[in-house]
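Just dropping this structure here.
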Amino acid sequence: MNGALRSAYAAELQSAATAASSGNAEQAFHHLARAHILGQRHTIQHVQSHWLMLKLGLSVGAWGEVAGQMSRIVAAALFSRISVPAGNTGRANVSAFKPMPIPEDLRGVLERGERQGRPG
């Protein structure tokens, strides 16, 4: 994960933590979903985003989210480098196989990351 992508991912995690600490679980999930979009092609970050969604789900009693995240953690560990549906938020309320629109601001970060990651 390159510097700009890593910074954007970290910023989303920080925003999620801030929202969670102030009791705004939906906002925290929103930022974790954005972190998921940024990190889903990178195994550690992909697993981490699902783990944090699971922990948040546990903390607010969102049992459907918890159950969904358990299988997604395993899948993220196994398939991050092989195949991921672009733009998928990683939430338990959407199919794990469904590509989704990438928010415009994240699209730019991802495109720059792909260009920087190519051999010159």
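Each reported figure results from applying straightforward, stated rules to the coordinates on display, with no laboratory input. What you are looking at is a predicted structure, and each value in this text was computed from that prediction instead of being measured. Neighbour counts run over all protein chains shown; Cβ positions are idealised from the backbone, glycine included.
Grab the other residues whose beta carbon is less than 13 angstrom from that of Gly57, score K and R as +1, D and E as -1, and report the net.
For residues surrounding Gly57, the net value is +1.
Given the Cα-Cα distance of Gln27 and Thr43 and 0.36 nm per residue of separation, how much length would full extension add, in nm?
Result for the pair: 3.4 nm of gain on full extension.
If you don't mind, there's one more thing I want to ask. For the chain, what is Rg from Cα atoms divided by 2.2 N^0.38 Å, rounded to two decimals?
Computed over Cα atoms of the chain, the ratio equals 1.01.
By how many nm would the segment from Phe79 to Ser95 lengthen if fully extended, with 0.36 nm per residue of separation less the alpha-carbon distance?
Between Phe79 and Ser95, full extension yields 4.2 nm more.
So what is the orientation-averaged projected area of region 1-40, using the convex hull of its C-alpha atoms, in nm²?
2.3
How large is ³J(HN,Hα) for each residue in region 90-106, as worked out from phi by the Karplus curve 6.51 cos²θ - 1.76 cosθ + 1.60 (θ = phi - 60°), to whole Hz, x for Gly and Pro?
Once θ is set to phi - 60°, the couplings for region 90-106 become x, 6, 6, 8, 10, 4, 5, 9, 8, x, 9, x, 8, x, 3, 5, 6 Hz.
For the ranges 28-37, 47-56, 12-21, 98-107, what's the packing order if you count other beta-carbon atoms within 10 Å of each residue, average per peptide, and put the highest first?
Peptide ranking by packing, descending: 28-37, 47-56, 12-21, 98-107.
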